[in-house]
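Following: one structure in structure tokens, then a few remarks.
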């Protein structure tokens, strides 16, 4: 990944199809389709969870049953049939007690195809990974280095067993099970995910990273991530997602909860390239994700996302600025091409005094896609001197795509300062001609223009992710002009 | 260097160039003058290979090679440079990043490796000094918020970096005050050599005080109706274009 050159990119651009569209034959263990209390219980049992967890899931299931799927987002799709999805699928070979050497060579081959071979990762720099294939965390690296600092970084299933007090204390506190349809569903059936705890005053010495991947046909993936930064600690967390090509739509409904205690800082970066469907809009992942962070006094949470994948995206990483002087940031690049639809943005809820939030959203639409920014800036009556700055820029390519902006502002305190800027522009033929005239071919010109447009956000990504993100932007927009 | 024979071109059914003949040799500076709407900028675009224009007849040869079938970027790689009348803005892409990409893409087309960063920086420093360009300017987004003079200076800076065989300056003098005009013209003069050629497209004689042409051509209604030396430019400045129109009409 580090030695990735422009030539490599050119090679990749030649293959128009989704590059991760292969399917590894793994002997999977999949539950029967459908969802009812016994499936929820079975999932919990399979994972050898304590009773409180089983109860928590069942409660969520009961809540979910009473809820309706939301339909306010600016997206059109065929609602998934929740009774035709298998809610648990684990590669049979996964066994938490095995070492890396015991891991199924097919699995390792798959990682290699994705460019995330574990052995390389182990040697390579400062990235510790918790890899989630379908539902079960197969391998966790760097555990030892981290544990010396008292950092807990493991799959959430392990955490439920090994650190039940922490999980029990925090799970569902930022995104309650009652929050929304998908978060309730996730709470009932989540299969795995990551858990991370940074102790007081500890600065996590490396970027923590998780790769998610959907492998089994017709399975939904419901990860649950819980990240706690205790007082005065710091962590940077990277999340990357890929899914192989599949014809039927696959559902992905994750929940991510971040808790930044006093003076803590969490940087959460996502590069998402779930399968977006083919050129005709067939297939692709439904990505209905709830991500939210809670900031205590003087804490800071920064969300950075590069969204290039999924057929339908419904995602609003948010910050609850509860403590005084807390800071929330949201930096986003959302690319849609062909028939993709994205409705994404953020919520900044200012509760504490002197709270600050920044929103920079860059939407790029091409093909026949629809790209919406939806954001809420809410200043409560107690939030004296709250400040927000929002900037929403849209870039259009061609004449058949759409860019939409839905900024909501609710200010209940007179001292609030809220700024909102928005621009819409189009990649013009004159820009392309100009670049061509300077010897830059069209695909490269688009990449250059798009990278320039996205620069404010790309700059916020950790180095190793920025390279991959740029590459993804270019691949996603391949063939979109001319 | 550049030989154009009986060139006819149209856009959207509208015929614009109606039989252009032009022969520019290495080391020469040619100027094309003419009233508005005579086809001057179209000629520049057609030489550069802009696709909206359809070449129906005639041919364009660069160093003896017919370039009709070449794309815009391939022509650029062969050494055609067009200094735009209205250079476009590319937000977020710095002047340095842009010229680096441009130079390396051109090198790649010639089978060369990317220019090492150190060498690139040295070249940028050299050329920006030549054109009296402030280094801070190079880290600004391409043409964004540039004054008219800065835009044109940036065009000539890119030309200096790319060292084209044929530089076409399309209305480079428009929007320039006298100081900017002098700097831009000095730049072009310094870049001129026995191995390259310059084609100046201009409405006024003004720029030609600074960049002295070997030949002046008058374009009217899609044809070159008169050719001469730099004296012709003075004559045009004095008498305007009406007499040319009348002559052409006869």
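No lab work stands behind these numbers, since they all come straight from the coordinates. This is a predicted model, so every value here is computed, not measured. Neighbour counts run over all protein chains shown; Cβ positions are idealised from the backbone, glycine included.
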Taking only DSSP H segments of four or more residues, each worth -39500 (n - 2.57), what value at 222 nm results for chain B once the sum is divided by all its residues, to the nearest 500 deg cm²/dmol?
-11000 deg cm²/dmol
For the ranges A:307-316, A:69-78, B:213-222, B:193-202, what's the packing order if you count other beta-carbon atoms within 10 Å of each residue, average per peptide, and put the highest first?
A:307-316, B:213-222, B:193-202, A:69-78
If r is the Cβ-Cβ distance from residue B:177 to residue A:203 and R0 is 60 Å, what FRET efficiency results, to the nearest 0.05?
0.65
Largest first and in whole Å, give the semi-axes of the range B:39-155's equivalent ellipsoid, each being the square root of 5 times a Cα gyration tensor eigenvalue.
28, 19, 12
Along Cα→Cβ, 7 Å out, is where each label goes; now give me the distance between the ones at residue B:212 and residue A:77 in nm to one decimal.
7.1
Find the percent of Cα-Cα distances in the range A:355-482 that exceed 26 Å, and round it to a whole number.
34
With Rg from the Cα atoms and Rh as the Kirkwood inverse mean 1/r over Cα pairs, the range A:327-369 has an Rg/Rh of 1.17
Relative contact order (percent, whole number), the range B:2-249, Cα cutoff 8 Å, 6+ residue spacing
28
Explain nothing, just the number: relative contact order of the range B:1-104, from Cα pairs under 8 Å at least 6 residues apart, as a whole percent.
29
Partner shielding of A:427-434, taken as the mean number of other chain Cβ atoms within 10 Å, equals 5
Cα convex hull of the range B:1-107 - mean projected area over all directions, nm²:
8.0
Sites residue B:3 and residue A:421, calculated FRET efficiency, Cβ-Cβ separation with R0 60 Å, nearest 0.05
0.70
Over all directions, how big on average is the projection of the convex hull of the alpha-carbon atoms in the range A:264-376, in square nanometres?
6.0
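Averaged over B:76-89, how many beta carbons belonging to a partner chain fall within 10 Å of each residue's beta carbon?
3
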Average silhouette area of the range A:259-314, convex hull of alpha-carbon atoms, in square nanometres
3.9
q = 0.15, 0.18, 0.20 Å⁻¹, the range A:409-456: log10 I(q)/I(0) [Debye, one scatterer per Cα]:
-0.54, -0.63, -0.71
Where the Cα atoms of the range B:123-207 are projected onto their three principal axes, how long is each span, largest first, in whole Å?
31, 27, 18
Per chain B, sqrt(5λ) over the Cα gyration tensor eigenvalues, sorted largest first, in Å, gives 30, 21, 16
Distance between modelled label sites at residue B:242 and residue A:52, nm, 7 Å Cα→Cβ extension:
9.8
Quick one: if you stick a label point 7 Å off each Cα along the C-beta vector at residue A:409 and residue B:26, how many nm between them?
6.3
